[in-house]
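Since every read-out is calculated from the coordinates, none of them should be taken as a lab result. All of these numbers come straight from a predicted model, not from anything done at the bench. Here the Cβ positions follow ideal geometry from the backbone for every residue, glycine too, while neighbour counts run over all protein chains shown.
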Amino acid sequence: MERTTKELILSQLLRKERISGQELADSLNISRTAIWKQIDQLRKDGYEIDANKKTGYLLLDDGDRLFGANLLPLLRTKSLGRNVVHHEETETTQRIAHELAQLEVSEGTLVLCDHQTQGRGQLGRKWLEEKGKGVAMSLILRPDVPIQTAGQLTILAGIALAESLGPLVEARIKWPNDILVSGKKLAGILTEMQAEADRIGSIIIGIGVNVNHGTFPPEISSRATSLKSLTGSEYKRAEIVARFLNTFESMYTEWLGHGFAPFVERFLRLADRKDELVTLRTRERVLTGILRGITSDGTLLIETEQGMEEFHSAELVYWS
């Protein structure tokens, strides 16, 4: 996608070298007044920029925005996240990603926003987001795989997210799509598909991560957490996005070639409440049993009084 003038200026400032207003104006074919207006906007966005009449502009602090210019230098990927669509504010990145997917954008296109106002979680629940504090992103994939395997990507993304956050916190996976730390929710994953007949058109993986939140609304404060709450430190949100993409790309490539079986053991090492009594809710019933793991295709295994049962679609009930 075409980058905005502000993003083009930021990409040059991110070199952390002084550059004159005239050089910027010449490179972008706009006036120095237009450059000054964009510099002023970047400052309002949180970037600390020094201006010197003789030597030009110098970026002192790159802020905490989710522009592609902030993300790209952190990536080691070949395709994932190389095309970034950024919005200051939007209802949900998933909706934008669905629209872009229908326009045949390239695989790996990433939708990011600094404030998501109507984020969605599993079963249509609302994902609460505080402006400028969390990560809201949607990744567009176009895997050439059987349609029945698409759901495995939710678990695969969960493994990648938990492992990428491993150096910061001890993350666990609540099957199939939540990341927990000390029993509280740190991140959620929502996977949606566009398909025709038996062919996958695109799979859109939406991820929300609580990064620099200090507090949460009373209704979720007992079951939500953030990286800042857990560690006492603040993090650059672009770094959290890059951690995930750098981890996920190689896993995605392996999954395309070898399926889900190679990732079962990695999931089991991260699985929350493995070998513990859990409550499970399906469309038909609520039951309890021992969580024993997953099968080679990602199906949940619960040991009940009737024996071992498999569940393709269900919810582990942790909170009322």
Dimensionless Rg ratio for the range 68-269, taking C-alpha atoms and the 2.2 N^0.38 Å reference: 0.96
Positive-end residue, the chain charge dipole about Cα centroid, Cβ charges, pick of 232, 66, 106: 232
Dipole of the chain, positive end: most advanced residue of 138, 214, 308 [Cβ charges, Cα centre]: 214
Nearby lysines by direct alpha-carbon distance to residue 44 (threshold 29 angstrom, same-chain neighbours under 8 apart not counted): 6, 16, 53, 54, 131, 133, 228, 236
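Under a point-charge model restricted to the Cβ atoms of Lys and Arg (+1) and Asp and Glu (-1), what is the dipole moment magnitude of the range 1-140 relative to its Cα centre, in debye to the nearest 20? Intermediate results must be reported in sequence, preceding the final value.
Details: 21 positive and 21 negative charges, 39 e Å.
Dipole size: approximately 180 debye.
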Built amide H within the under 5 Å cut-off of residue 175, gap 5+: 272
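Based on other C-beta atoms within 10 Å, arrange 318, 57 from fewest to most.
Details: 318 16, 57 23.
Ordered by Cβ neighbours within 10 Å, fewest first: 318, 57.
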Cα-based Rg and Dmax for the range 227-320, where Dmax is the largest Cα-Cα distance (Å): 16.8, 49
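Taking the Cα centre of the range 130-284 as the origin, how large is its charge dipole in debye, to the nearest 20, when only Lys and Arg (+1) and Asp and Glu (-1) carry charge on their Cβ atoms? Mind dumping the intermediate values first?
Details: 19 positive and 18 negative charges, 100 e Å.
Value, rounded to 20: 480 debye.
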Value at 222 nm in deg cm²/dmol, rounded to 500, when DSSP H runs of n ≥ 4 in the chain each add -39,500 (n - 2.57): -8500 deg cm²/dmol
Span from the the range 1-72 Cα centroid across to the the range 245-320 one, whole angstrom: 46
Segments 247-256, 150-159, 18-27 sorted - mean Cβ within 10 Å per residue, highest first: 150-159, 247-256, 18-27
Spread of Cα-to-Cα distances over 10 Å intervals beginning at zero, given as percent, for the range 5-61: 26, 66, 8
Under-5 Å amide H pairs with residue 224, H placed in peptide plane, nonlocal only: 185
